[in-house]
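Novice: Sharing a structure, written as structure tokens. Questions coming.
The values are calculated or read from the model by the stated rules, or taken from the named source; none is laboratory data. Keep in mind the model is a prediction, meaning the values are calculated, not measured. When we count neighbours, we look across all protein chains shown, and the Cβ atoms used for this are built from the backbone with ideal geometry, even at glycine.
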Amino acid sequence: METSASLAVHEPAVGDGWVGRRIRRKEDRRLVTGQGTYLADLRIPGTLEAAFLRSTQPHARIVNLDVSEARSSAGVVAVFTGADLAGIPPVSEPGGRDVNPVHAEAARLEVRPKPMPALADGVVRFVGQPVAVVVATDRSRAEDALKHIVVEYDPLPVVADAEAGVAPGAPLLHDDVPGNVAARFLAVAGDPDGVFASGGRRLRERFMVGRMAASAMEPRGILAAPDPGRGELTVWCTNARPHLVRQYVSEAVGVPADSVRVLPTDMGGSFGTGMFSEDVVVPVLAMRLGRPVRWIEDRVENLASTRHGRDQVHEVEVAYDADGRILAIRDRMLVDAGAYNMYVITVSYNVAAHFRNQYHIDHFSIEGVNVLTNRAPVTPVRGAGRPEATFVMDRVLDLVADDLGLDPAEIRFRNLIPADAMPYEVGLLYRDGQPIVYDNGDYPDQLRRALHLFDYEGWRARQREERDHGRRIGIGMSCFVEGSGFGPFEGAVVRIDQNGHVMVATGARPHGQSLETTLAQVCADQLGVSPNEVTVRAGDTTAIPFGVGTFASRSAVTAGTAVGMASHRVREKVLAIAALLLEVGPDDLDLRDGRAFPRGAPMRSVTLREIAHVAAPGPRSRLPEGMEPGLEATYYFVPPAVTFSSGTHVVAVEVDEETGFVRPLRYVSVDDCGVMLNPTVVEGQIHGGIAHGIGEALLEEVVYGEDGQLLTASYMDYLLPTVADVPEIEVQHQQFPSPRNPLGIKGVGEGGAVSPPAAIANAVADAMKPLRLRLTRVPLTPERVLTAIRSARAEADAQPEA
Amino acid sequence: MKPPPFDYRAPETLAEAVALVAEFGEDGKLLAGGQSLIPVLALRLASPRVLIDLNGVAELEYERLEGDRLVIGAMSRQRSVRKLPGLARRCAAIAEGIDLIGHVAIRNRGTVGGSVAHADPAAEWPALLLVLDGEIDVAGPRGTRTVAAPAFFESFFTTVLAPDEIVTEVRVTIPGGRSGSTFLELARRHGDFAIAGAVAAVTLSERDGTIADARVGLIGVAPTAVRATSTEEALRGARPTGAAIADAAALVGGHIDPASDIHGSADYRRQAARVLTRRALTRATERAAGSLEGSAGLAG
Amino acid sequence: MQALPGEEKITLRVNGVERTGRAEPRMTLADFLRDRLDLTGTHLGCEHGVCGACTVLLDGRSVRSCLMLAVQARGHDIATVEGLAAADGTLHPVQEAFSEEHGLQCGFCTPGFLMSVVELLEEDPDPSDDDIRIWLSGNLCRCTGYHNIVAAVRNAASRMRTQCPDAGRGDLG
């Protein structure tokens, strides 16, 4: 199961190589000078612009859709409805459709995938769903024409949330999905029912995790430019899965996949993943019209329909002993999947897989139900199930600690998986049908370090002092594990051109993750060059035939490994040719500073450029017997299993007990993400994740009314954290190299976002002790906190004096 | 998200502007700083036929302290008013209130006249005008008139302004003597519209230190900014104790009529108004007592 | 691009150079810079005045270019991110500091931050962390968690004080 390939033979992964160094990013210069090219910055003469008519109704039959007046609106080139685009396959998620039979049986999996039609098929099922599309000379005129589209809706009964969706007699979203249940599973480890039947201490609670929006700063967009004469299509798209886009577009427009080129741009974040209708519709329009067409999402469209996540209700019960050891947990989870269910159980099974976190809990069951509702479809958003699981688990742990009068750090030490239990089998299967095994780590040491870095004792003292002055300070903590580096694969092509310059291509598609720098560092170590001499072309379908993309904390692990391995193969080729030229054995050569030379004799060197020249095909070629010309290699890394990163957060907050406002004061994180390619980049990912999590904990919530209308339609109401909402963050690292890839990397893109809701809720509860606040729902809006304080006070007042 | 089409006029004098509002009436929409109007246009929540841009009317762009009066031309930018030398020292509530308006880029462009005419119930200037005996000068085809602040604001985004009238100047009176003031808000994030806000100005008697005058304005908790007159009356002549202030603050409930939204229910806003009133009065009183008003520490 | 009905000619100075383009009255300054002058470094993240990605300087003061019409910028001086680096390519201290401190990841919000910071450091060459946080609270970033942005502002302030010790004064009002 652990991979045997090794890359550390010639260059140490950490030490005097480029990997592990805090070098400045190659991306930065163009981005700080305004020379980045984001999707809306592309300029192709004659490009038309699309605008979508979106449903204003949460659930309704379209009884009349008349676009004739819009067609004659100024500047309009064409208008399309669902009927016009009926042949386009609906978008869904391949990972959601493919169910592993072993897993399906073990988890009693029932799934009814429900892909979303490109444009509404006669019924609209959420506010913001695309109904029709106008193509015009410019966006203003396209929007002008939208108001000339006549659409009449016959309202249908609304399923406002997941609990309403599974209520008896609930209206149905789709006739072929009985009870609105789009997926269901039951994952069991050990014998939880047996433990619960045997009596002892029990606690139960109900938790809610609000819906949030991924809300990347760059809205989505796509530009498709056809070459009608050749029957080819070039597509630029803010989708971090370019090869998947190519596949969909190829099918939708009916041209061979290799005639669809999906090219990268700079991309302003994603924080989730997904195929979207517009990614397919716009290329179809471009092909039909024979002209370049682009669509740039606006923020209102974005907040209504792009990458909503979370939205879960948990009913959890826990059995524990008098020492605070957790004996068993049972959880029942309702996931509001929204109106379509493209991702099926991707997120909800992540909850199951990560629920028990860093804790040793033998007996566990979780029943997950994905419910269809009249809300936007839910997709994975940074964390994708882990923040939800961690919020429930770490709140439960604090509730148990409260019950027993234990310090929250102490109860964690009593339940953490000990270091000598690694690798640790958690007793469940992953979605690929393999057992989930934490590869390595030392969780108790991680908590000790986090408490030390935080100055836990010092803050406890400060807390007592401030309490005397009427200030309510609270301290909270949470830990997490993160299965990262998800497959099925990622690849790399590494090539040295005739000038000795190195090009790396990969199917990963960065959008802030700094892969141009970190992948260059990996390659540079193998080829003895500086990262500045390595150009990374990521997410260009013409540069590499297969690719998966950048999401799910996977690219450093999968693309990083692929780049390392492909570079290593090129290195071997370089050394073999150099050996021929220098008339020494390849094992006696060193490769450094762009030159190969006999070890200890750097004056007798050949440059990469010279080697590249003789590696080219033709009469001057000088290659070892049987070697293919060209300094190029391709490697596809298929991870044996996900690799588990981990982290522990400790936070201090101040609570205004009269208003319910919560202010984070200090935030500390200690993580293990294995070998760090570039610690500065790793820390940036962690900082960003924590801010994301602070938003989830305190500010961000997509809110729908009981009538299914969206109430957070703009940035005035959907509240991203600002710099004034995020405290200084201190970060330290453990480094347990992953045994599941040769560079020892674990993913770090999401981890920061996992623990803040739990840690902050625990801190708020801590601030108000000895009151017992029922903080069961994030975000902790000021009103929810104040309400919890008032009810706890009322309850305390109702108790007779002890 | 692009604005709908409109005609655009850019008068360079007040007289030209008045002629244009007279010509277009209901079809015309005045554009001041645009920090509220342009998003409304971009979201296509309004489609005026003609936009009359006041940004070229230089005669409306001035701000000055004249004795105990702060005189502000309607097109004066929030930031320009804030940068008046000595403003924070003379009246902290105004400086703090301006600092609570959005973010610096909003204050660089947003105007005092625009804010007053827009009459957002969560905006700061209407409350400052109510508390500081504000007056609003208005010009239109029927001539000019001066409206006292309490008579100016009618309801949500509604004032006594006729469609063909333009705000030209606003004035407030800065309390003298042993006075202190402050502006406090509860907002989900810094710079957001307030869930609730309270402005307080307190003047202590030079003779015995009792409260000679107290003013309280509240925002975000009624269809317009409101004055909590019963709170004010309860404090007049009282000794400035914590208990007196808390008791008086508890009376704000009679003056407010908050609505619920996703950031706070009516009940929450009532609680917030009471807490903010108490805190604002406490701080204003401390400033008055310590002659802290306008000390260097309050600038910024 | 061909002229559209209702377009007017607009002349203004951008980064010290007189520029002319055509715009309908409804066109925002942001769209004008991007689509008519091809200065695409100014980004649009929300188009309703909240995210700050489109921040430019108008006569030296930061404004959101999505909350201004192009016609209103006639005759004014606009500074955009494209004008920050020197003609020889030397980065402005604020640009240098953002890169050095890893104060950007995806880079989409970065031009708006840079312009806001340029104005801040003109006003106050030595802002406190609180000053920095209040000043920049109108610029949203989803990637960095802001930690390194605050560090970058401190770094830039220090660079600029070293390079030009007398620059900037005044309060932050």
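Residue-by-condition table, conditions (1) at pLDDT below 95; (2) surrounded by 15 or more Cβ atoms within 10 Å (Cβ to Cβ); (3) touching a Pro at 6+ places or on another chain (Cβ under 6 Å):
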{"residue": "A:THR541", "(1), (2), (3)": "no, yes, yes"}
{"residue": "A:ALA566", "(1), (2), (3)": "no, yes, no"}
{"residue": "A:ALA578", "(1), (2), (3)": "no, yes, no"}
{"residue": "A:LEU608", "(1), (2), (3)": "no, yes, no"}
{"residue": "A:ARG620", "(1), (2), (3)": "yes, no, no"}
{"residue": "A:GLY630", "(1), (2), (3)": "no, yes, no"}
{"residue": "A:ALA633", "(1), (2), (3)": "no, yes, no"}
{"residue": "A:PHE637", "(1), (2), (3)": "no, yes, no"}
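Novice: Here is a follow-up. Could you check how many residues of segment C:83-97 are under 14 Å from C:MET160 (Cα atoms) and in contact (Cβ under 8 Å) with a residue 24 or more places away in the chain?
Specialist: Total meeting the criteria: 6.
Novice: Residues that are within 21 Å of the chain's Cα centre (by Cα): list the strands (runs of 3 or more DSSP E) wholly contained in segment A:432-549 that include at least 2 such residues.
Specialist: Because the criterion is at least 2 residues that are within 21 Å of the chain's Cα centre (by Cα), the strands (runs of 3 or more DSSP E) in segment A:432-549 that meet it are A:435-438, A:472-484, A:490-496.
Novice: On to the next question. For segment B:132-191, which strands (runs of 3 or more DSSP E) that fit wholly inside it have 1 or more residues that are basic (Lys, Arg), farther than 30 Å from A:ARG663 by Cα and without any contact (Cβ under 8 Å) to a residue 60 or more places away in the chain?
Specialist: Working: elements: B:135-140, B:143-148, B:153-155, B:166-173, B:178-186.
Of the strands (runs of 3 or more DSSP E) lying wholly inside segment B:132-191, those with at least 1 residues that are basic (Lys, Arg), farther than 30 Å from A:ARG663 by Cα and without any contact (Cβ under 8 Å) to a residue 60 or more places away in the chain span B:143-148.
Novice: Tell me the residue from A:ARG291, A:ARG246 that is among the charged types (D, E, K, R), closer than 30 Å to C:CYS143 by Cα and touching a residue at least 60 places away in the same chain (Cβ under 8 Å), please.
Specialist: The conditions single out A:ARG246.
Novice: Output the residues belonging to segment A:31-40 that are surrounded by fewer than 17 Cβ atoms within 10 Å (Cβ to Cβ) and either closer than 10 Å to A:PRO292 by Cβ or touching a residue at least 40 places away in the same chain (Cβ under 8 Å) (or both).
Specialist: A:THR37
Novice: Of everything in segment A:671-713 that's touching a helix residue (DSSP H, G or I) at 6+ places or on another chain (Cβ under 7 Å), β-branched (Val, Ile, Thr) and at the interface with chain C (Cβ under 10 Å from one of its Cβ atoms), which residue is farthest from A:PRO756 (Cα to Cα)?
Specialist: Filtering segment A:671-713 for residues that are touching a helix residue (DSSP H, G or I) at 6+ places or on another chain (Cβ under 7 Å), β-branched (Val, Ile, Thr) and at the interface with chain C (Cβ under 10 Å from one of its Cβ atoms), the one farthest from A:PRO756 (Cα to Cα) comes out as A:VAL681.
Rundown of residues vs (1) closer than 24 Å to A:GLY221 by Cα; (2) crowded, with 23+ Cβ neighbours inside 10 Å; (3) more than 9 Å from chain A (Cβ to nearest Cβ), yes/no style:
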{"residue": "C:MET27", "(1), (2), (3)": "yes, yes, no"}
{"residue": "C:ARG36", "(1), (2), (3)": "yes, no, yes"}
{"residue": "C:VAL50", "(1), (2), (3)": "yes, yes, no"}
{"residue": "C:GLY60", "(1), (2), (3)": "no, no, yes"}
{"residue": "C:ARG64", "(1), (2), (3)": "yes, yes, yes"}
{"residue": "C:ARG74", "(1), (2), (3)": "no, no, yes"}
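Novice: Residue by residue through segment A:113-131, note down the ones that are modelled with pLDDT of 90 or more, farther than 16 Å from A:VAL281 by Cβ and of a type in the set (D, E, K, R).
Specialist: Hit for segment A:113-131 is A:ARG125, nothing else.
Novice: So, one more: Give C:VAL17, C:VAL50, C:VAL71 a once-over and let me know the one that is in contact (Cβ under 8 Å) with a residue 12 or more places away in the chain and either more than 26 Å from A:ALA713 (Cβ to Cβ) or hydroxyl-bearing (Ser, Thr, Tyr) (or both).
Specialist: C:VAL71
Novice: Further question: Kindly establish whether A:PRO117 is in contact with a Pro (Cβ under 6 Å, 6 or more places away or on another chain) and more than 27 Å from A:ASP298 (Cβ to Cβ).
Specialist: In short, no.
Novice: Considering segment A:373-390 alone, what residues qualify as being in contact with a Ser or Thr (Cβ under 8 Å, 6 or more places away or on another chain) and part of a helix (DSSP H, G or I)?
Specialist: A:PRO387, A:THR390
Novice: Next up: Does C:THR80 count as β-branched (Val, Ile, Thr), without any contact (Cβ under 8 Å) to a residue 60 or more places away in the chain and either over 15 Å from A:VAL723 (Cα atoms) or more than 10 Å from chain B (Cβ to nearest Cβ) (or both)?
Specialist: Taking the combined requirement at face value, the residue does not satisfy it.
Novice: Between residues in segment A:451-469 that are acidic (Asp, Glu) and residues that are surrounded by 16 or more Cβ atoms within 10 Å (Cβ to Cβ), which pairs lie under 8 Å by C-beta distance while being six or more apart or on different chains?
Specialist: A:GLU466/A:ARG472; A:GLU466/A:ILE473
Novice: Right, next: Which ones in segment B:233-252 are surrounded by fewer than 23 Cβ atoms within 10 Å (Cβ to Cβ) and under 9 Å from B:ILE211 (Cβ atoms)?
Specialist: Within segment B:233-252, B:ARG236, B:GLY237, B:ALA238, B:ARG239, B:PRO240, B:ALA244 qualify.
Novice: From the list B:ARG79, B:ARG69, B:ARG90, B:ARG44, exactly one residue is closer than 28 Å to B:ALA187 by Cα, away from every other protein chain (no Cβ under 12 Å) and surrounded by fewer than 22 Cβ atoms within 10 Å (Cβ to Cβ). Which is it?
Specialist: Being closer than 28 Å to B:ALA187 by Cα, away from every other protein chain (no Cβ under 12 Å) and surrounded by fewer than 22 Cβ atoms within 10 Å (Cβ to Cβ) holds for just one of B:ARG79, B:ARG69, B:ARG90, B:ARG44, which is B:ARG90.
Novice: Tell me which strands (runs of 3 or more DSSP E) are completely within segment B:1-111 and hold 3 or more residues being in contact (Cβ under 8 Å) with a residue 40 or more places away in the chain and hydrophobic (A, V, I, L, M, F, W, C), or say none if there are none.
Specialist: B:50-53, B:69-73
Novice: Can you tell me how many residues in segment A:714-735 are surrounded by 24 or more Cβ atoms within 10 Å (Cβ to Cβ) and more than 10 Å from chain C (Cβ to nearest Cβ)?
Specialist: 0
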